[in-house]
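The values are calculated or read from the model by the stated rules, or taken from the named source; none is laboratory data. In this text the structure is predicted, and so the values were computed from the model without any measurement. With ideal geometry, Cβ positions are generated from the backbone for all residues, glycine too; neighbour counts draw on all protein chains shown. Note: accessible area is taken over every heavy atom of the protein model, side chains too, but ligands, DNA and RNA are not part of it. Shrake-Rupley method; radii C 1.70, N 1.55, O 1.52, S 1.80 Å.
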Amino acid sequence: MWDYSEKVQEHFYNPKNAGAVEGANGVGDVGSISCGDALRLTLKVEPETEVILDAGFQTFGCGSAIASSSALTEMIKGLTLDEALKISNQDIADYLDGLPPEKMHCSVMGREALQAAVANYRGEVWEDDHEEGALVCKCFAVDEVMIEDTIRANNLHTVEEVTNYTKAGGGCSSCHEGIENILTRVLAEKGETFVAGGAAVAKPAAAKAPEAPKMGTLARIRKIEAVLDSIRPALQADNGDVELVDVDGKNIYVHLTGACTGCQMAAMTLGGIQQRMIEELGEFVKVIPASKEALVSMEG
Amino acid sequence: MSDIYLDNNATTMVDPAVFEEMKPYFCEQFGNPSSLHSFGNKVGFALKKARKQIQDLLGAEHDSEIIFTSCGTESDSTAILSALKAQPDRKEIITTVVEHPAVLTLCEYLETEGYTVHKLEVDSKGRLDLDKYKSLLSDKVAVVSVMWANNESGTIFPIEEMAQMAAEKGIMFHTDAVQAVGKIPINLKESAISMLSLSGHKLHAPKGIGVLYLRRGVRYRPLLRGGHQERGRRAGTENAPAIVGLGKACEMAAEHMAFENTQVKAMRDRLEQGILAAVPHCFVTGDPDNRLPNTASIAFEYIEGEAILLLLNKAGIAASSGSACTSGSLEPSHVMRAMGIPYTAAHGTVRFSFSRYNTMDEVERVIEEVPSIVAKLRKLSPYWGENGPVENPGEAFAPVYA
Ligand SMILES: Cc1ncc(COP(=O)(O)O)c(C=O)c1O
């Protein structure tokens, strides 16, 4: 069964704003043919101010589809249409304290219903340009269509390139066979054949660990800080940050803040930091989230 | 009130009597059955007994036809790959569209390796077309692999007849009987079946133990080579406690065969009848005349399976669903789609699967809970109006699809 957050469960068991709004003047019907979920969003908009007075949903879909519909209606009530349109899928997921990667498409559907309903209110025709395929990379929630499009657009030839462009395959690497298959298929369209380049084995993470000279405590902590400093810009780019809390032997306790905390990438981020630490310190260490709730499995 | 477990096609509880039998083989009788000393020797005898118990349940002619594996999936892979390796000139496989992924995913992979895979289709009740099957049997076919009973709908295929048809053309026949063993009588020595897979955890033995039945004389190539275990046909030190447990479980399954096909079946039938009477717009999937006695697969129209399961779970009822969203794939169950069940119903299929541990009281409790759960979700559904499906559901709600 899925690991749904309390918030998701709350919105599923006791959904808010279920049913069609009376006197609605904006209706958005969207669905995803591949997964079968479908959603109708009805809005009551005040014409002068374009403020959303009321919103209701009807959903044919799974637990998280219902929960994200409920969340969306709560989020948009009282906003103007333009404000509401600024809500992203990630905002919906964040409002629900995260969704499993396989379920992110449920929040996409909510956002699309909103766009469709606003278009309907404004007398425009909304066209969906989003296409979605089977999930390939679970660590970073990247689907097949996204990978195919990126390979075509950028003339990619290797798994490594696909990872660099889409992040897919950058985590646990179990999806590399899947990515190779996509490359084989897409390259075949152009009459090219996919050649698996590069080494078939990865270099061991802590190969040089045993010989590393012992560092003094202070030097070691400085080194740890330096590694965190070098990672920080990347985290800050995603509105997150990391702080060193404590070092206890092999255990390095850190505190992830901002966008990183509740995010599904937390485990990945920690895994990445740990990898860097091991390489830089030349010894095996464990990077552990200092707050209890962030205790996520490193297996990803 | 304790929770109700109706997901026995997914896995079963280890029978306490099975567990008792297994216990000594962890800390006391821990020896390696291959060893000469007394530690190993006794374990060797225990395995022999288990092999006999399994042989009896399957009605196999020889106990050496039983090969222990690690699971049903391993047995399936071993059987199909063995047939291909042993007959390199035969490049075709016949199977069905409704197989378990343990067979289907392997076959799809083999297609990329240059093999031709014929997947037999099913009709709206999940039945095969045997004329079509017959027309595919040729000397290019290395193996036919068809499941005995379907894990989702419970539909039983005419395996003995199909095996006979293959044998007449000199073609190997494998059946994934993971859902059938222990639930319906099987007598392999009277059949033309070459290979059969079973899995312990579906019949009250532990997880991680399986069997490949290999008829004496059928050409075979091992998947795992190494030790001499299983007469060199499956290397690796035997999982002795699990094998002992599986033996006991098979003995118990034989004893309960009549119970399964009367009492368990009666509970299943009462559940179906009770739900169908109380809930509008739902129907049973699969072939009602040829089904496992323990499986009920009910499609609830206009709502989605995972949502149903979550609410059932909250009511203390464990079942499972063929909906896309429970598996993480985007497609609803390939079994439901193969039977031509429309999307709006295929997503709402729920499978209730029984075991001899269920009771009629539990059945009545489920019948009481289900109607309000379905009604609650239909209230949220855009396909549902005040008191029933909206008129022309397909037109009244025609979303823009991505
Ligand atoms: C028909 C069928 N075949 C194969 C399997 C796989 O068995 P195991 O889990 O032992 O690998 C299952 C169980 O899910 C099944 O239902």
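Some points to look at:
- Listed by first and then second residue, the pairs linking a residue in segment B:43-72 that is touching a residue at least 24 places away in the same chain (Cβ under 8 Å) and of a type in the set (Phe, Trp, Tyr) to a residue that is within 16 Å of the ligand (Cβ to nearest atom) and not in a strand (DSSP E or B), with Cβ atoms under 6 Å apart and 6 or more places separating them unless they lie on different chains, are B:PHE68/B:ILE243.
- Single residue of B:TYR220, B:TYR213 found to be open to solvent by less than 70 Å² (accessible area, probe 1.4 Å), away from the ligand (no atom under 15 Å from the Cβ) and of a type in the set (Phe, Trp, Tyr): B:TYR220
- Applying the condition of being of a type outside the set (A, V, I, L, M, F, W, C) and part of a helix (DSSP H, G or I) to segment A:99-113 and asking which residue is nearest to the other protein chains (Cβ to nearest Cβ) yields A:GLU102.
- Meets criteria (in contact (Cβ under 8 Å) with a residue 40 or more places away in the chain, away from the ligand (no atom under 16 Å from the Cβ) and of a type in the set (A, V, I, L, M)) for B:VAL264: yes
- Of all the residues in segment A:38-60, those that are in contact with a Leu (Cβ under 8 Å, 6 or more places away or on another chain) and either closer than 12 Å to A:SER107 by Cα or free of Cβ contacts under 8 Å to residues at least 12 places away in the same chain (or both) number 1.
- Here B:THR155 fits the description: within 23 Å of B:SER320 (Cα to Cα) and of a type in the set (Ser, Thr, Tyr).
- Leading residue by the ranking (modelled with the lowest pLDDT) among those in segment A:258-300 that are polar (S, T, N, Q) and open to solvent by less than 40 Å² (accessible area, probe 1.4 Å): A:SER291
- Helices (runs of 4 or more DSSP H) contained in segment B:217-328 and holding at least 3 residues closer than 30 Å to B:VAL43 by Cβ: B:240-255
- Scanning segment B:358-373 finds one or more residues that are more than 14 Å from every other protein chain (Cβ to nearest Cβ), basic (Lys, Arg) and surrounded by fewer than 22 Cβ atoms within 10 Å (Cβ to Cβ).
- Across segment B:326-358, the number of residues qualifying as modelled with pLDDT of 90 or more, over 17 Å from B:CYS282 (Cβ atoms) and among the charged types (D, E, K, R) comes to 1.
- Candidates A:GLU243, A:GLU189, A:GLU180, filtered to the one that is open to solvent by 50 Å² or more (accessible area, probe 1.4 Å), of a type outside the set (A, V, I, L, M), in the same structural domain as A:ILE278 (by TED's automatic domain parsing) and modelled with pLDDT of 70 or more: A:GLU243
- Filtering segment B:137-153 to residues that are of a type in the set (Gly, Ala, Ser), out of contact with any His (no Cβ under 7 Å at 6 or more places or on another chain) and within 16 Å of the ligand (Cβ to nearest atom) leaves B:ALA149, B:SER153.
- Test for B:THR285: is it among the polar types (S, T, N, Q) and more than 19 Å from B:ASN150 (Cα to Cα): no
- Matching residues, segment B:253-278, being of a type in the set (A, V, I, L, M, F, W, C) and surrounded by fewer than 20 Cβ atoms within 10 Å (Cβ to Cβ): B:ALA254, B:MET257, B:ALA258, B:PHE259, B:ALA266, B:LEU276, B:ALA277, B:ALA278
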